[in-house]
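Since the structure comes first, as structure tokens, the remarks are kept for the end.
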Amino acid sequence: MAKVTVPAVSIYPIADADSLGLPNLPAAVEALATAGAGWIQVRIKQASDRQRWETLESCCRRLEGSRSGLWIDDRVDLATSLPCVGVHLGQLDLPVGAARRVLPREKWVGRSCHDLAQLAAAAEDDEVDVVALGPIYRTRSKANADPEIGLDVLSRARRVTRKPLVAIGGIGHRQVAEVLATGVDQVAVIGALGSDVMRVEAEFGRLLKACEEAQ
């Protein structure tokens, strides 16, 4: 397992094709990098393999020379062949062990968890580098989302694992402070970035300000 370097910036933006539009993702990724994002995830749920490849390749090109690292959602095959930091896998995606058979050792694997039992399993799995827990609040950015778990469960999660912990789901400017207070390492945001690619950098800046005020 490669050692994970968690960014100093606590806001972890997810550029989602459903929210921002597939053609706009490379510009959104570049704007987020310019705004200071450490990790950026790209999520594409509906597109052809060719469209996914071209979009993600363009995102990687936009990050050349920046300090931002790109995470690819779901697709181990694309993460293997692109200059990203890792792949993020859901509970129904390719098993982590199978992903590790093809991923270069220096690339990380993130794992989505929706309760403390799943989190404990991921914590014990040496092949998992980063764990995400959620949804913390009700979210509209994902169809058929799992039930919200709330801050109480999130607070207990920090005692379950010492791996880098990401909180995700329904987190906006008003919730950043209380989420960070639970001891998580990163706060993932999707809907809070909005749907206008021209405002992504500004919205990320607002989230960073909320993060700074929380500290």
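The table below lists the values:
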item: Residue match in segment 190-210 (condition: in contact with a strand residue (DSSP E or B) (Cβ under 7 Å, 6 or more places away or on another chain), surrounded by 17 or more Cβ atoms within 10 Å (Cβ to Cβ) and of a type in the set (Val, Ile, Thr)); result: yes
item: Those residues of segment 97-131 which are modelled with pLDDT of 95 or more and of a type in the set (Lys, Arg), in sequence order; result: Arg100, Arg101, Lys107, Arg111
item: Filter result for Leu25 (touching a Pro at 6+ places or on another chain (Cβ under 9 Å), aliphatic (A, V, I, L, M) and buried (at least 22 other Cβ atoms within 10 Å of the Cβ)); result: no
item: Criterion violated by Asp146 - all others in (1) at pLDDT below 95; (2) touching a strand residue (DSSP E or B) at 6+ places or on another chain (Cβ under 8 Å) satisfied; result: (2)
item: Leading residue by the ranking (surrounded by the most Cβ atoms within 10 Å (Cβ to Cβ)) among those in segment 45-77 that are aliphatic (A, V, I, L, M) and either free of Cβ contacts under 8 Å to residues at least 12 places away in the same chain or farther than 20 Å from Phe204 by Cα (or both); result: Leu56
item: Helices (runs of 4 or more DSSP H) wholly inside segment 78-186 that include at least 3 residues being surrounded by 13 or more Cβ atoms within 10 Å (Cβ to Cβ), under 17 Å from the mean Cα position of the chain (by Cα) and in contact (Cβ under 8 Å) with a residue 12 or more places away in the chain; result: 176-180
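The values are calculated or read from the model by the stated rules, or taken from the named source; none is laboratory data. In this text, all values refer to a predicted model and were calculated from it rather than measured experimentally. Every residue, glycine among them, receives a Cβ derived from its backbone with ideal geometry; neighbour counts consider all protein chains shown.
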